[in-house]
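The values are calculated or read from the model by the stated rules, or taken from the named source; none is laboratory data. This one's a predicted model, so the numbers in the text were calculated from it and none came from an experiment. Ideal geometry is used to build each Cβ from the backbone, glycine not excepted, and the neighbour counts take in all protein chains shown.
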Amino acid sequence: MIPIPTSHRIDPASGELTGATGHYSKKLSDLAGLYADETAFFQAVKQDVDAIVYRVSDVRPDASHGDLIFGTTFMEPGRIGDEFFLTRGHIHGTANRPETYYGESGEGVMLLESPEGETRVLEVVPRQLVYVPPFWIHRSVNTGATPLVMSFCYPSDSGQDYSIIERSGGMASRIVADGTGWKEVPNTSYRPRDAAEIARVYETGDQDQ
């Protein structure tokens, strides 16, 4: 039996997705180790241990090859020291899977990094779509003063690998405040991947060939 077509409405202000079948949120306390200023991080957690940084709603019709997962991300504005609120970031578990992000409201950036450590920063604003190609690690950052709402879509058999960022001491760059805007700066804790780990990333894209 083939799947039944569905239709879904996105509220660009709240990120509410009608017909969503999955929901999760990340508190600031869940994001320990991601920010450079650890003192500021723990002070912020102490002030509000239940503070939500972002929440996700999605629809997962089928986990098998050939279907899509789609949904919305709602990110609160804020900073830890000079560093803007961000998502954990990931590469897809099957790394040759792409993803798209579409700006619904607010403003932010998509921080991307290749396995070799090359970085790109692409703006996310309303009615602008960001394409994340296969094999790129990616992380969303809210650089604005209002919530950042995005819709996303990716192959349902992609999976997520969050540990690749942790093993390297974070992503190669950080996004920090620069006057009324933002700038990309090096992450001084970053540890480049060796040739073996880089090769493993590309090998995950060959498993379904």
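Which members of segment 1-13 meet the condition of being surrounded by fewer than 14 Cβ atoms within 10 Å (Cβ to Cβ) and either hydroxyl-bearing (Ser, Thr, Tyr) or closer than 13 Å to Glu104 by Cβ (or both)?
Kept after step one, since they are surrounded by fewer than 14 Cβ atoms within 10 Å (Cβ to Cβ), are these residues of segment 1-13: 1-7, 9, 13.
Thr6, Ser7, Arg9, Ala13 - these are the residues of segment 1-13 that are surrounded by fewer than 14 Cβ atoms within 10 Å (Cβ to Cβ) and either hydroxyl-bearing (Ser, Thr, Tyr) or closer than 13 Å to Glu104 by Cβ (or both).
Against the definition (under 28 Å from Leu17 (Cα atoms), touching a residue at least 24 places away in the same chain (Cβ under 8 Å) and surrounded by 13 or more Cβ atoms within 10 Å (Cβ to Cβ)), how does Ser173 come out, yes or no?
On the way: under 28 Å from Leu17 (Cα atoms): no; touching a residue at least 24 places away in the same chain (Cβ under 8 Å): yes; surrounded by 13 or more Cβ atoms within 10 Å (Cβ to Cβ): yes.
So Ser173 does not fit the description; no.
I'd like to check something: does segment 48-59 contain any residue that is surrounded by fewer than 22 Cβ atoms within 10 Å (Cβ to Cβ), of a type in the set (A, V, I, L, M), free of Cβ contacts under 8 Å to residues at least 24 places away in the same chain and out of contact with any His (no Cβ under 9 Å at 6 or more places or on another chain)?
Yes - at least one qualifying residue is present in segment 48-59.
Criterion first (more than 29 Å from Gln47 (Cβ to Cβ), out of contact with any helix residue (DSSP H, G or I) (no Cβ under 6 Å at 6 or more places or on another chain) and modelled with pLDDT of 95 or more) does Phe84 satisfy it? First the steps, then the outcome.
Numbers: more than 29 Å from Gln47 (Cβ to Cβ): no; out of contact with any helix residue (DSSP H, G or I) (no Cβ under 6 Å at 6 or more places or on another chain): yes; modelled with pLDDT of 95 or more: yes.
No.
So how many residues does segment 187-204 have that are modelled with pLDDT of 95 or more and either over 20 Å from Leu112 (Cβ atoms) or small (Gly, Ala, Ser) (or both)?
5
In segment 1-43, which residues are among the small types (Gly, Ala, Ser) and part of a loop (DSSP other than H, G, I, E, B)? Please lay out each step first, then the result.
Taking segment 1-43 and keeping what is among the small types (Gly, Ala, Ser), we get 7, 13-15, 19-20, 22, 25, 29, 32-33, 36, 40.
Within segment 1-43, Ser7, Ala13, Ser14, Gly15, Gly19, Ala20, Ala32, Gly33, Ala36 qualify.
Tell me which residues, restricted to segment 25-47, are of a type in the set (Asp, Glu) and farther than 26 Å from Gly71 by Cβ.
Correct list: Asp37, Glu38.
Checking the conditions here, which among Glu116, Glu83 is in contact (Cβ under 8 Å) with a residue 12 or more places away in the chain and loosely packed, with under 15 Cβ neighbours inside 10 Å?
Glu116
Can you tell me how many residues within segment 183-204 are in a strand (DSSP E or B) and surrounded by 12 or more Cβ atoms within 10 Å (Cβ to Cβ)? Show your work before the answer.
Initial filter on segment 183-204 (in a strand (DSSP E or B)): 183-186.
Among the residues that remain, those that are also surrounded by 12 or more Cβ atoms within 10 Å (Cβ to Cβ) are: 183-185.
Residues meeting the conditions: 3.
Could you tell me which residue of segment 17-26 is farthest from Glu104 (Cα to Cα), considering only residues that are in contact (Cβ under 8 Å) with a residue 40 or more places away in the chain and surrounded by fewer than 15 Cβ atoms within 10 Å (Cβ to Cβ)?
Initially, segment 17-26 is screened for residues in contact (Cβ under 8 Å) with a residue 40 or more places away in the chain, giving 17, 19-20, 22, 26.
Now narrow it down to the ones that are surrounded by fewer than 15 Cβ atoms within 10 Å (Cβ to Cβ): 19, 22.
On the way: Gly19: 18, Gly22: 19 Å.
So the residue we want is Gly22.
Are any residues in segment 135-168 among the polar types (S, T, N, Q), free of Cβ contacts under 8 Å to residues at least 60 places away in the same chain and either touching a Gly at 6+ places or on another chain (Cβ under 7 Å) or over 21 Å from Tyr35 (Cβ atoms) (or both), and if so, which ones? Quick ask: steps written out before the conclusion?
The first filter runs over segment 135-168 and keeps only residues among the polar types (S, T, N, Q), leaving 140, 142-143, 146, 151, 156, 158, 160, 163, 168.
Checking which are free of Cβ contacts under 8 Å to residues at least 60 places away in the same chain leaves us with 143, 163, 168.
Hit for segment 135-168 is Thr143, nothing else.
If you go through segment 100-113 one residue at a time, how many are crowded, with 22+ Cβ neighbours inside 10 Å, over 13 Å from the mean Cα position of the chain (by Cα) and at negative phi?
Count: 1.
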